[in-house]
1. Of the GluC sites (Glu not before Pro) in region 1-84, which ones lie in a loop per DSSP and count no more than 15 other C-beta atoms within 10 Å?
2. Considering the zone a paramagnetic label at Glu387 would reach in this model (a point 7 Å from Cα along the Cα-to-Cβ line), which residues of region 1-35 have amide N under 15 Å from it?
3. Report the Cα centroid-to-centroid distance between region 273-316 and region 232-260 in angstrom, as an integer.
4. Count neighbours as other Cβ atoms within 10 Å of each site's Cβ, and list the trypsin sites (Lys or Arg not before Pro) in region 235-286 that are DSSP loop with at most 15 such neighbours.
5. Rounded to whole Hz and in sequence order, give me ³J(HN,Hα) for region 29-46 from the Karplus expression 6.51 cos²θ - 1.76 cosθ + 1.60, θ = phi - 60°, writing x for Gly and Pro.
6. Taking Cα atoms, how many degrees apart are the long axis of helix 293-314 and the longest axis of the chain, rounded to 10 and kept between 0 and 90?
7. Taking the Cα centre of the chain as the origin and placing charges on Cβ (Lys, Arg +1; Asp, Glu -1), which of Leu338, Val151, Ala295 is farthest toward the positive end of the dipole?
8. Return the equivalent ellipsoid semi-axes of region 88-138 as a descending list in whole Å, where each equals the square root of 5 times an eigenvalue of the C-alpha gyration tensor.
Amino acid sequence: MNLVVDADRVLADLKELHERHGGPDGARRLAWSEDWLSAREWFRGKLDEIDGISVDRDEAGNVWVELPGANDDGGFVIVGSHLDAVPSGGWLDGCLGVMGALGVLRALAASGSPPPVTVRLVDWADEEGARFGRSLLGSSAAAGTLDPDDVRDLRDAKGTRLQDALSACDVDLDGAGAATSRLEGALAYLELHIEQGPVLERDGLSVGVVTGTAGVERHAVRIRGQAVQGGGFPMDARRDALVAGARLVLAVREAARDARSRATVGAIAVRPAIPTAVPGLCELTIDQRHPDADALAAMVNEVHDAAARIAVDERVAIDFERIWAIAPVAFDDDLVALGEETAREVTGGSVRLFSGALHDAAAVASAGVPAVMLFVQSAGGISHAPEEDTAPEHLAAGVRTLARLADRVIARSARPPG
Ligand code: GLV
Ligand code: MN
Ligand code: MN
């Protein structure tokens, strides 16, 4: 078998999705929103054009598409990513992997005979965690690592509870764990994604293979001082929550001093947020990442220690709530080697990369399913912004590499063991 994928059609699908569910101000596909549901409806229309597949949604809101194989008890190979996006995000993050998987499924369905093993496409629900701060929601439900009590009361910027947002999309949070059945019998998981960093562009390569993802520790921090009138109150008597927050932001950066560490304060809000009052309340999020679990723990401790000192200096209370954490994840050695070989064969060169960005593949791998990701280069390394882009030749190279890799993994999975 040598699968022939129509990469131009995949690019046309991506552009159509961007025209309908994005635009000059970026993506409009925030998870659990009307916009996201309507992007998924559009996707459903694309699926309806393929013969011989079935489509359904699991208990956690992930969409699954199945093309049965000649041996339907032989397990299945999964290809996928996510359609949800951060607000004003780019046109490729997540969508490239879903549209690439659609291209693979179309090619398999058009090949005239069933694949030797079943192939499933997945569109994971809420990879980004942009609305409630909890990333990889659908994939971790499928991986068995989502505890409903950890996320039920998370609120978005408008105060909506996560549990209620899911329920408005017909997902019962307490039943979401049943999605674990979807990974039973999975032989391999493949995901194509943009790099969201500078390495492939710098090295002049279209496609790289990902060896794993960094560990993440994410906290919501609440700093309580005292709101007072800004004109009347002396500087040395203030309990300014924002000044304490600003010092904490710098401490977060300071603790990310080695080249492999990452730390981001991506959201901050103050109250009462008027020019004439000292902020009495400051809330912010801290997202810390490192490929080494011990180094990540040390970063987190350093920031906690800094917060304790700042609280004393500024006479404020600082409370940390851990919103989410995931350990560093290594992808499957054999699939990484096969991915690298395939990328070299299809594109003429490749490199192994580690991912600081999170991906559903990490949740899947942590459930014991052999997983690997392919990255295509990102213009300027920019992502989570409307400027996110990749030249068509690199996108097409990524789609062709995904198809070739899927073809090989499917063929390999069909062979009897031993
Ligand atoms: C997802 O984009 C992440 O890296 O958090
Ligand atoms: Mn993504
Ligand atoms: Mn993203």
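Throughout, read-outs are computed from the coordinates displayed, never taken from laboratory work. Just so it is clear, the structure is predicted and the values come from calculations on it, not from any experiment. For neighbour counting, all protein chains shown are included, and Cβ atoms are generated from backbone atoms with ideal geometry for every residue, glycine included.
1. Values: sites: Glu16, Glu19, Glu34, Glu41, Glu49, Glu59, Glu66; in loops: Glu49, Glu59.
Qualifying residues, ordered by number: Glu49.
2. Output list for this probe position: 25-26.
3. That distance is 8 Å.
4. Values: sites: Arg238, Arg239, Arg247, Arg253, Arg257, Arg260, Arg262; in loops: Arg238, Arg239, Arg257, Arg260.
Those that pass, being in a loop and sparsely packed, are Arg257, Arg260.
5. The phi angles translate into 9, 4, 4, 6, 10, 4, 4, 5, 4, 6, 5, 5, 4, 4, 5, 4, x, 5 Hz.
6. Approximately 20 degrees, to the nearest ten.
7. Ala295
8. Details: eigenvalues 171, 34, 5 Å².
Equivalent ellipsoid semi-axes, largest first: 29, 13, 5 Å.
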